[in-house]
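Remarks on the structure that follows.
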Amino acid sequence: MLDSVGPIALGAITGSIPLTLASFSLGLALALLVALMRLSGNPILSGIARVYISIIRGTPMLVQLFVIFYGMPQLGVTLDPWPSAIIALSLNVGGYAAEIVRAAILSIPKGQWEAGAMIGMSRWQTLVRIVLPQAARVSVPPLSNTFISLVKDTSLTSVILVTELFRIAQRIASPTGEFLTIYLVAAAVYWVICVVLALGQDALERRLDRYAV
């Protein structure tokens, strides 16, 4: 058990955490775009966003990983495990986080939009300078939960040969047969990471609460 802690923790540092950061960053940018499309008065853009969100939320992430890594080569698109994992995880985050961002934007009082118009701002300037900063504070708790869930979801990428925390645990357990022990170590490492992130979430929420109106 003690011998496995180091390699598994290293797998988290070199695999799971970078994978989480890259996927969440791309997914969050995608979520903002999709949320704005959902709020758009253009029925085509809104419809595309609705379909995308429905597909992402209506299909398992494991299936999404398999479609991108094992299915896309049949269309002539072959990707390595890491890019496949980042694309699948980013698309998944984008689908779920889009509704969080949309709800956060809708939670901002309409008076904020009117105030921006009164001082000569365009609707886009009001969105960027007034609405989105307030919406960001509102969306921190649910987005933080999405981030923490993503850390655990990276374990699914082991099925497409990504070398991360859980795949290293599998490699250690296979020749020794100590599956229970090694997987408990892996679970403990995931738990420690999530506890640290939860503490960071609490600290960030307290900091942002100072600016609450």
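Once P(r) over Cα pairs in 5 Å bins from 0, in percent is calculated for the structure shown, the corresponding label among [x] 1, 5, 8, 8, 7, 6, 6, 5, 5, 6, 6, 6, 5, 5, 4, 4, 3, 2, 2, 2, 2, 1, 1, 0, 0; [y] 1, 7, 13, 15, 16, 14, 12, 9, 6, 4, 2, 1, 0, 0, 0; [z] 1, 7, 16, 20, 23, 18, 10, 4, 1, 0, 0 turns out to be [y]. In segment 122-202, inverting the average of 1/r over every pair of distinct C-alpha atoms gives 15.2 Å as the Kirkwood radius. Between the listed residues ALA136, THR157, TYR70, the Cα displaced farthest toward the positive end of the dipole of the chain, a dipole computed from Cβ unit charges relative to the Cα centre, is found at ALA136.
In the chain, helices alone account for a calculated mean residue ellipticity at 222 nm of -25000 deg cm²/dmol, with every DSSP H run of four or more residues adding -39,500 (n - 2.57).
Where in the chain are the DSSP H helices whose alpha-carbon span along the long axis reaches 18 Å or more and whose Kyte-Doolittle mean is at least 0.0?
Working: long enough: 17-39 (32 Å, 2.00); 43-58 (22 Å, 1.12); 81-107 (39 Å, 1.06); 132-153 (29 Å, 0.37); 179-209 (44 Å, 1.27).
In the chain, the long hydrophobic H runs are 17-39, 43-58, 81-107, 132-153, 179-209.
Normalised by residue number, the volume inside the convex hull of the Cα atoms of segment 174-213 is 50 Å³ per residue. Once the other residues with Cβ under 13 Å from the Cβ of ALA31 are scored (Lys, Arg +1; Asp, Glu -1), what is the net sum? Taking every other residue near ALA31 into account, the sum is +2. Around the Cα centre of the chain, unit charges on the Cβ atoms of Lys, Arg, Asp and Glu (plus for the first two, minus for the last two) sum to a dipole of about 720 debye.
Relative to the present Cα-Cα distance, how much length would full extension add between ARG50 and LEU184 at 0.36 nm per residue of separation? The partial results should precede the final answer.
Values: separation 134, 0.36 × 134 = 48.24 nm, distance 3.96 nm.
Gain in length upon complete extension: 44.3 nm.
Roughly what percent of Cα-Cα pairs across segment 14-130 reach past 21 Å?
49 percent
Which FRET efficiency, nearest 0.05, do VAL128 and ALA198 yield, Cβ-Cβ r, R0 30 Å?
Values: r = 30 Å, r/R0 = 1.01.
Plugging the Cβ-Cβ distance into 1/(1 + (r/R0)^6) gives 0.50.
Rounded to a whole number of µm²/s, how large is the Stokes-Einstein D of segment 17-57 at 25 °C and 0.890 mPa s, given Rh as the Kirkwood radius over C-alpha pairs? Answer from the Stokes-Einstein relation: 226 µm²/s.
Readers should treat all values here as calculations from the given coordinates under stated rules, not as data from a laboratory. Computed from a predicted model, the values in this text were never measured in an experiment. Ideal geometry is used to build each Cβ from the backbone, glycine not excepted, and the neighbour counts take in all protein chains shown.
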